[in-house]
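Here is the structure we will look at, set down as structure tokens.
Taken together, the values in this text are just the output of simple stated rules run on the coordinates, not laboratory data. Note that the coordinates shown come from a computational prediction; the quantities given were computed from them, not determined experimentally. Note: ideal-geometry Cβ built from the backbone for every residue, glycine included; neighbour counts use all protein chains shown.
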Amino acid sequence: MTAQDDIFTAAEIRTRARNVLAQDDPAGVFARNGDQMPSDFELNPGTKYASGAVLKPAAVLVPIINKTSHASVLLTQRSQHLPTHAGQVSFPGGKIDAQDKTPLEAALRETEEEVGLARDFVEILGFLDPYETGTGYRILPVVGLIEPGFTLQAEPGEVDEIFEVPLAHLMSPENHEIHARTFSGVERRFHAMAYENRFIWGATAGILKNLYNRLYRV
């Protein structure tokens with residue numbers, strides 16, 4: 001194992017996460033002013049929501065799988081039949097429902113429903129900064145270390161495929177890209193990361209960029 005590999009061991013990830021991430025399910029995270037939050041608007045100044053806009057609360061799990069050789073991040077390819085974000089790469093998670101006591105509960109519940117990952121295998125390492133999307137959500141990312149022994153089962157109505165990407169690849173600045181596309185006649189820039197035949201972009205790439213900024217940026 002090289003010195004570079006050492007920063008992606010479970011012990012090192014735990015130390016870095018617990019030193020810099022919020023350790024309690026943040027109270028009031030969906031009510032406070034979001035001017036300093038990472039968002040789809042960082043690369044598109046002047047396109048942010050009007051003051052006082054109410055965003056829908058959501059929570060996702062950022063699942064870092066603890067492996068002997070290297071850590072990896074579990075991601076999903078959303079179903080092509082979904083009404084929104086069809087076919088995009090996402091973290092497991094979704095909107096916070098009325099029965100969810102906390103954002104953490106929502107992230108774990110949605111993860112179990114979408115990919116079959118039992119919460120017993122998830123060690124919570126902390127909470128990233130909330131992320132605001134151009135589609136009207138404020139997402140709280142929950143960072144979890146996933147221990148071996150789990151089984152997965154994709155929910156066919158929501159997830160076409162479950163796959164992994166090495167954490168080292170996602171945390172390497174040379175793999176962090178900025179792309180642009182025209183949406184509804186307006187050019188928008190967005191974070192993106194490619195891996196093999198996968199294209200990770202939008203909020204998912206933005207959250208991974210924030211993970212890098214918090215844990216690995218020098």
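Can you compute the FRET efficiency between Thr68 and Asn19 using 1/(1 + (r/R0)^6), with r the Cβ-Cβ distance and R0 = 25 Å? Round to the nearest 0.05.
The value I calculate is 0.55.
How high is the relative contact order of the chain, given as a whole-number percent (alpha carbon pairs under 8 Å, six or more residues apart)?
Relative contact order for the chain comes out at 25 percent.
Which trypsin sites (Lys or Arg not before Pro) from segment 66-156 combine a DSSP loop assignment with at most 14 other Cβ atoms within 10 Å?
Sparse-neighbourhood loop trypsin sites (Lys or Arg not before Pro): Lys101.
Straight-line reach from Lys95: which aspartates and glutamates have Cα under 12 Å away, leaving out those fewer than 8 places along the same chain?
Answer for Lys95, where 12 Å is the Cα cut-off: Glu105, Glu110, listed by chain and number.
Between Glu174 and Thr9, what is the label-point separation in nm under the 7 Å Cα-to-beta-carbon projection?
Taking the two extended label points, one gets 2.4 nm.
Taking springs between alpha-carbon atoms closer than 10 angstrom, which of Ser69, Ser39, Ser184 fluctuates most in the Gaussian network model of the chain?
With Cα springs under 10 Å in the chain, the top fluctuation among Ser69, Ser39, Ser184 is at Ser184.
Assign one of three labels to segment 77-155, namely rounded, prolate or oblate, based on the Cα gyration tensor with a ≥ b ≥ c the square roots of its eigenvalues; rounded applies when a/c is under 1.5, prolate when it is not and a/b is larger than b/c, and oblate otherwise.
Oblate, because a/c is 1.5 or more while a/b does not exceed b/c.
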